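Student: Let me begin by handing over the structure; questions about it come next.
Read-outs throughout are calculated quantities, based only on the coordinates presented, and are distinct from any laboratory measurement. Keep in mind the model is a prediction, meaning the values are calculated, not measured. Heads up, the Cβs are rebuilt from the backbone with ideal geometry, glycines too, and the neighbour counts pull from every protein chain shown.
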Amino acid sequence: MPVDSYDAIPRFAALDLLSTLVVVVDDKGAVVFANAALESAMGMSRRMLEGGEFAQHLSDPSLLRSGLGAAHGQGYAAMSFDTGLQRAVQESLFVHVTVTAIEHSELKLIELWVLEQQARQDREERLVEQAQANKELVRNLAHEIKNPLGGIRGAAQLLEMDLETKELREYTQVIIHEADRLQSLVDRLLAPHRHPHQLVDLNIHEVCERVRSLVLLEYPQGLKIRRDYDISIPEFKGDRAQLIQALLNIVQNAAQVLSEKLDNGDAEITLRTRVVRQVTIGRQRHRLALELHVIDNGPGVPDHIKERIFYPLVTGRDGGSGLGLPLAQTFVQRHHGLIECESMPGRTDFRILIPLP
């Protein structure tokens with residue numbers, strides 16, 4: 001029995017909440033319902049799509065037609081294939097298509113995943129897993145270093161008391177100094193795990209302004225930090241100190257790699273805030289999220305460390321500790337968020353995502 005498309009809308013209205021492109025077709029492949037994400041991607045309204053054969057909008061219509069025929073004749077559960085999605089104005093999208101039979105109905109649910117989007121979700125998932133593994137490794141390693149380090153320093157101090165000449169005491173001073181330097185490094189590695197998560201209502205632009213003022217005090221000449229804020233972003237629960245430190249680490253890193261442009265007076269960093277909808281972070285779907293970009297016009301992240309910049313002790317600068325970005329990632333993940341980076345010569349973009357209520 002044919003299904004009236006307008007009667008079907010309330011039944012499938014929840015599909016409008018998804019960012020996945022979704023269409024429901026009858027047993028002949030005619031569109032019964034198309035969700036808002038599909039409307040937006042194709043540049044066509046739901047009313048224009050309904051009643052027409054959906055296969056006509058694919059680069060290879062035969063894939064969907066044969067799949068629907070097999071489903072009707074053999075009662076299979078699901079099938080999938082890759083093809084192109086033709087659009088009204090823009091170029092076609094390469095998509096992964098999944099066709100699922102709806103139980104107790106002749107209708108079929110078709111989901112279309114933009115392959116670039118799928119690759120992005122996979123990358124986000126790897127970043128979350130990588131950061132968690134790094135956090136455990138660093139914490140365990142720091143504890144293993146901390147205990148013998150105290151013994152080395154104490155032994156050097158006792159030895160120094162028994163030495164009679166200044167020349168010999170200089171050697172123990174070197175041991176003590178280096179032990180203190182390593183202790184400072186260990187303290188920084190353990191810092192995220194020592195302080196409780198203190199949540200307060202905060203405005204992300206207060207965090208941005210605080211970081212902006214601190215960095216401009218450090219670099220008063222040659223650096224511009226531009227604001228591009230969406231002032232409609234609501235307040236959310238967060239740890240003010242941790243988010244300030246996370247953003248400060250990223251902005252300071254950006255300023256440090258702009259040394260040549262600082263001398264020329266054309267170093268520039270942009271702080272941009274936006275709200276994004278229907279975001280997936282580590283398999284968790286969020287209706288709204290804060291998107292904070294830190295964009296600089298520097299030389300870009302060196303190719304040989306692009307995939308490892310959030311690993312502890314990995315740095316592209318002489319004298320860098322390699323701790324700023326891993327700590328920033330840890331602090332943002334404590335807010336159920338994520339930091340990503342896209343970089344090329346002349347433009348590096350660190351993107352912070354944090355779910356909003």
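Student: State, to one decimal in nm, how far the label point of GLU342 lies from the label point of ARG210, with both points 7 Å from Cα in the Cβ direction.
Tutor: If labels sit at GLU342 and ARG210, their model points lie 2.9 nm apart.
Student: For region 209-312, take N as its residue count and report Rg(C-alpha) divided by 2.2 N^0.38 Å.
Tutor: Numbers: Rg = 15.4 Å, N = 104, 2.2 N^0.38 = 12.8 Å.
For region 209-312, the normalised Cα radius of gyration is 1.20.
Student: If we sort 159-168, 334-343 on the protection proxy, mean other Cβ atoms within 10 Å, highest first, what's the order? Show your work: numbers first, answer last.
Tutor: On the way: 159-168: 10.4, 334-343: 18.8.
Put in order of decreasing packing, that is 334-343, 159-168.
Student: Taking 0.36 nm per residue of sequence separation and subtracting the Cα-Cα distance, how much length would be gained by fully extending the chain between ALA241 and ARG274, in nm to one decimal?
Tutor: Separation in residues times 0.36 nm, less the Cα-Cα distance, equals 9.8 nm.
Student: Let me ask another. With a sphere of radius 13 Å drawn around the Cβ of LYS224, what net charge do the other residues whose Cβ falls strictly inside it have (Lys, Arg +1; Asp, Glu -1)?
Tutor: Once positives and negatives cancel, what remains is 0.
Student: Then there is this: I'd like the FRET efficiency for VAL200 and PHE94, computed as 1/(1 + (r/R0)^6) with the beta carbon distance as r and R0 of 35 Å, rounded to 0.05.
Tutor: Efficiency, from the Cβ-Cβ distance: 0.20.
Student: With N residues in region 251-357, what two-decimal value do you get for its Cα radius of gyration over 2.2 N^0.38 Å?
Tutor: So the Cα radius of gyration is 1.12 times the expected 2.2 N^0.38 Å.
Student: Taking R0 as 51 Å, what's the FRET efficiency between LEU168 and ARG139 from their Cβ-Cβ distance, rounded to 0.05?
Tutor: Calculated transfer efficiency: 0.85.
Student: Okay, moving on. Check ILE225: other-chain or 5+ apart residues with amide H under 5 Å from its amide H, H built from backbone geometry?
Tutor: Long-range HN contacts for ILE225: ILE269.
Student: Per 0.36 nm of contour for each residue apart, how much would the distance between GLN183 and ARG227 grow if the chain were fully extended, relative to their Cα-Cα spacing?
Tutor: 12.1 nm
Student: Further, regarding this structure: R0 = 56 Å: FRET efficiency of HIS293 with MET161, Cβ-based, nearest 0.05?
Tutor: So, using R0 = 56 Å, E works out to roughly 0.50.
Student: As I understand it, the dipole of region 200-356 uses +1 on the Cβ of Lys and Arg and -1 on the Cβ of Asp and Glu, about the Cα centre. Which of ALA328, LEU223, GLY346 lies farthest toward its positive end?
Tutor: The residue sitting most towards the positive pole is ALA328.
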